[in-house]
1. Based on Cα positions only, what radius of gyration and what Dmax would you give for segment 1-124, in angstroms?
2. Tell me which residues come under 5 Å, amide H to amide H, from VAL152 once H is placed; ignore anything under 5 positions away on its chain.
3. I need the phi-derived Karplus couplings for segment 351-366: 6.51 cos²θ - 1.76 cosθ + 1.60, θ = phi - 60°, integer Hz, Gly and Pro marked x.
4. I need the trypsin sites (Lys or Arg not before Pro) found in segment 206-264, filtered to DSSP loop residues with at most 14 other beta carbons within 10 Å of theirs.
5. Using only Cα positions of the chain, each an equal point scatterer, no hydration layer, compute I(q)/I(0) via Debye at q = 0.08, 0.11, 0.13 Å⁻¹ and quote the log10 values to two decimals.
6. Less than 14 Å apart at the alpha-carbon level, and either on another chain or at least 8 residues along: which aspartates and glutamates does that give for LYS347?
7. Students often forget the sequence filter, so: which lysines lie under 27 Å Cα-Cα from LYS384 once same-chain residues fewer than 8 apart are removed?
8. Mind listing which trypsin sites (Lys or Arg not before Pro) in segment 311-387 are in a DSSP loop and have 16 or fewer other Cβ atoms within 10 Å?
Amino acid sequence: METYLVGGAVRDELLGLPVGERDWVVVGATQQDMERAGYRPVGRDFPVFLHPQSNEEYALARTERKTAPGYRGFAVNASPEVTLAEDLQRRDLTVNAMARAPDGSLVDPWGGLDDLGARVLRHVSPAFVEDPVRILRTARLAARFHELGFTVAPETLQLMRAMVAAGEADALVPERVWQETRRALGTARPDVFLEVLRDCGALAAVFPEIDALFGVPQPPRWHPEVDTGRHMLLCLRAAARLGLDVETRVAVLLHDLGKGTTPREFWPAHHGHEERSVTLARRLCERLRAPASFRELAEIVARYHGLCHRAGELRPATLLKLLEGTDALRRPERFEKFLLACEADLKGRDGLENAPYPQAELLRRAQAAAAGVAPQPLVADGLKGEELRERLRALRVEAIAAACPRDAAGAPQA
């Protein structure tokens with residue numbers, strides 16, 4: 001019974017990166033051996049156990065044989081005769097197919113160390129095509145390690161294209177798509193995740209609403225980059241530079257989906273795209289079973305981002321309507337995410353990467369002013385119902401006007 005550290009922990013250690021979760025492979029043992037040693041079985045599809053003290057995952061060395069489409073269509077052999085090299089051979093990429101022996105030596109039967117040095121993500125064997133999740137995982141690792149110089153090997157990209165053509169990407173279940181996408185969007189280059197998926201054809205299969213943005217023009221006056229798909233990628237880069245959380249990055253990703261459904265005869269204008277974007281963002285989030293908070297933020301960014309950009313043109317009463325529509329008074333933390341998503345939208349354009357966004361500060365002042373007008377004194381004066389609502393709105397409009405004074409030309413001062 002021999003135990004080896006495997007996978008991402010070995011890879012990240014060799015790259016000099018912090019090591020998060022550690023996975024272990026046990027060679028020469030049976031399930032009964034593991035349970036007698038105190039390990040707790042947790043694997044449903046193959047034998048995985050939790051260490052009795054550390055709770056880290058230990059899996060029996062195994063081989064896999066494809067028996068049906070999808071990522072669960074495998075027959076697993078986890079007998080004690082399976083070698084470490086055989087277990088590593090079934091893994092996706094060579095950089096993930098290395099192990100650290102108990103004596104500290106590196107076990108690298110498939111050239112992972114060389115590919116690590118060459119900054120290449122390369123499949124271990126033709127069996128790569130048997131698991132469609134590997135398409136997403138490879139794209140995610142390309143995003144995570146892009147700034148270290150990593151690229152996907154041409155022959156691996158070709159295999160990914162073949163998998164898409166064979167319909168393997170259609171077998172991906174929503175939970176796995178969401179899991180990999182959520183992790184990819186949290187990387188330093190989330191745009192690379194989508195570029196790799198598009199390059200192999202998987203974007204159209206997994207995210208047809210996003211793929212539809214490419215090739216759709218926008219007015220050059222507002223969008224020097226013109227292409228809506230390119231704008232979306234630039235917005236994701238801006239979101240990463242701004243350090244936005246994943247929930248906000250999802251909203252940035254989905255804010256313009258409606259432009260992909262604008263009839264060609266109306267190009268490059270996209271009147272009414274906001275409401276179409278709301279519908280598409282909601283459907284996509286529901287399809288992937290994303291948490292409700294992700295869907296709700298994506299919807300308000302899709303619906304109100306254009307109005308946010310025009311905040312400097314809005315009268316106090318309209319500013320209050322925007323605050324009410326985004327529920328900014330009751331949910332100020334979410335409103336801040338909304339403002340940051342809109343800032344990423346502005347900065348996701350060629351030449352505007354470092355442009356100021358005074359609209360956000362203007363709206364923060366308006367939100368603070370409106371929130372400072374409480375209904376309790378009005379209730380104490382006996383107001384209720386519609387009379388209370390109208391008086392409260394009037395006082396909040398006055399507070400916004402005082403907090404956001406207008407210049408001589410009548411425009412709010414940012």
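The numbers here are math on the coordinates, done by the rules we state, and not lab data. Model, not experiment: these values are computed from the prediction. Here the Cβ is made from the backbone with ideal geometry for all residues, glycine too, and neighbour counts use every protein chain on show.
1. 14.5, 43
2. LEU121
3. My calculation for segment 351-366 gives x, 10, 4, 10, 5, x, 9, x, 4, 5, 5, 4, 6, 5, 5, 5 Hz in order.
4. Hits after loop and neighbour filter: ARG221.
5. Result of the Debye calculation: -0.56, -0.89, -1.09.
6. Excluding near neighbours in sequence, the set is GLU225.
7. List returned: LYS321.
8. ARG330, LYS384
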